[in-house]
1. Working from Cα positions, state the angle (0 to 90°, nearest 10) between the long axis of helix 490-499 and the longest principal axis of the chain.
2. By average Cβ neighbour count within 10 Å, what is the ranking of 477-483, 271-277, 449-455 from highest down?
3. Which lysines, if any, have their Cα less than 24 Å from the Cα of Lys345, not counting same-chain residues under 8 positions apart?
4. Which peptide among 148-161, 390-403 comes first, and what is the full order, when sorted by highest mean count of other Cβ atoms within 10 Å?
5. Would you work out the charge dipole size for the chain about its Cα centre, treating the Cβ of every Lys and Arg as +1 and the Cβ of every Asp and Glu as -1, and quote it to the nearest 20 debye?
6. Among the listed pairs Lys429/Lys602; Lys25/Lys96; Lys376/Lys460, which have their C-alpha atoms separated by more than 28 angstrom in this model?
7. Looking at the chain only, what percent of DSSP beta bridges run antiparallel? Nearest 5 please.
8. Which whole-Hz couplings ³J(HN,Hα) result when phi for each residue of region 454-465 is put into the Karplus expression 6.51 cos²θ - 1.76 cosθ + 1.60, θ = phi - 60°, listed in order with x for Gly and Pro?
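Nothing in this text is a laboratory measurement; each read-out follows from the coordinates by a stated rule. Note that the coordinates shown come from a computational prediction; the quantities given were computed from them, not determined experimentally. All Cβ positions, even for glycine, are placed from backbone atoms using ideal geometry, and neighbour counts span all protein chains on display.
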Amino acid sequence: MKYIFICCLWALLVISGYAQSGAPKVQLIPAPAQLNLKRGSFIVGSNTVIHYSDATSKKSAVQLHEYLYENYGINLRLLSGKPEKSNQVISFVSAKARVKESYTLRVGAAVIEITGDDAGMFYGLQTLFQLISVKDQKPEVPCLEISDSPRYAYRGIMQDVGYHIYPVSFIKSQIEMLAKYKMNVYHWHLTEDHGWRIEIKKYPKLTSVGAFRAGTQISNYTDSLNGNDHLPYGGFYTQDEIREVVAYAAERHVTVIPEIELPGHSLAALAAYPELACGDNPGPFKVAEHWGIFEDVYCAGKENTFKFLEDVLTEVMALFPSPYIHIGGDECPKERWKVCKFCQKRIKDNHLKNEFELQSYFVKRIEKFVNSRGRKIIGWDEILEGGLAPNATVMSWRNIEEGIKAAKQGHDVVMSPLSHVYFDFIQGKRELEPLAIGWGYNSLPRVYNYDPTPAVLSDKEKEHIIGVEAAIWTEHMDTHRKVEYMLYPRLMALAEIAWTPLEKKDSVSFFEERLPKHLAVLDKTDKIYRVPGPIGLSDTTLIGADFNLELKVPVEGARIYYNFEGQDARETDFVYEKPIRIILNKGERRALKSIVITPSGKRSVNTTTIFKNP
């Protein structure tokens, strides 16, 4: 009996040891809900076939076929019939999912099977792509079982193109990255005081006039208005380009939600059609050149305002099949309405208390029109003011409390608080970062540690938190390269908080193991990203007499350079290869400067760590 016990114990230790040291590491982002790693691997060979169960699963099978051919030069057979027993099989099986977008992935030595609904199989395929490594010049996948589903139904970013506009090719590249990390919403902010970016056939002056401004503020958001480059700027997306983007996104299970701002942030539209403003003979107006909020907004008292917006939204809804239409609703000054005879008459005729209820009237009327076309509205949290439209979804941006308020009222909420997921905010010391909005700081760890579901809500109220979205406002992002710098790698952190169950999040695994692997892949592309500093160092002061620093690179294959000279670190400095021991006498102080340089030559900002023995 003792012998059997010892044998069992030995076997358990062997298995445990294998799990800890012999099994390949799985570096998935976002982390799956359930993962069971096993012995062995599936190696793609000449007898491997790709099997699909029906027309729906064929789409994922074709995508895998194209991926293997483009990346590894392997041209596998595709078939829907029963494979021969001698074949290795990668199989896609359509199945009704208990949770939308969920999937199972089973990898054995001879069979890989991905099961799920249409979106689920696609996300299972994205997981498979991340699992593939190369052994003896052949693609290899570790044996495992994954059962996975998203934490939130809505997982997105908001890309503003009103302040600055970007090529369609860049919009597609963002959508490609969203799909890779299981994000499913691209919220496209298309109209702003500073530019109207969508072609509307019935109102051509929206783009011939409203899409262009005479100059652009070049100083920080909070600076004076003196800085202007006086260079004409503008552009817009044609309806054909929009159809192209929407179709591209749909192939990747990304929904493109358009935003048409109302009733505020409408100066570009008023420049084109001044009669939509308050007063008998309003205007002239010009497209805004300076950042900020402007008092000239759509007149809430004129019927032609609603006729115009209904016409615009009709064309918009024909281009975007999304269930949601975003109507803005934020930062609408009421000063013009207070002195407008048309707006005051509207208030009186409809027994409204004030201009806030007038805005609520405005939003509710637009919602009724949008609902009549089979769609729903979503708006920034100011739409709560004056009374919320009955079927509206709230995007909580000013603070977390507005989202709590909406959920308690029974409305669905997408959390997008500037305190945690505004990607126009700086990521490090302001003097070391590119020009950005004059307040706000959202570092990569701050994004990762955010929980979109407020703990104060009841279980029933928590069901109304349907998702999370990061906003990219672009006052200071005049090129798409700057957008990339602000987006990556914060997008990876956002993906994990949007998809992964809260109890499965692991910050140590994310920052020290998985993210370095993913950034190494990104480093091989032409994308710009913000290279994190060395893991184990930061811009801070450490108090003590004896320090032993064990650093890790934040990008696989990168090098850490450091010095104690007080100057910015450079490639001629020490290369970190082993722990650094720092011993200080009483009253002594030392400053360590460090920088990370990736395999492609990208650099982190210089980090200064102060060691002090008081």
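1. Value to nearest ten degrees: 90.
2. Final packing ranking: 271-277, 477-483, 449-455.
3. The qualifying lysines are Lys302, Lys307, Lys334, Lys353, Lys364, Lys368.
4. Highest-to-lowest ranking by the protection proxy: 148-161, 390-403.
5. Charge dipole, the chain, about its Cα centre: 1420 debye, nearest 20.
6. Pairs exceeding the cut-off: Lys25/Lys96.
7. Close to 45 percent.
8. Result, rounded to whole Hz: x, 5, 6, 6, 6, 4, 5, 5, 4, 5, 7, 7.
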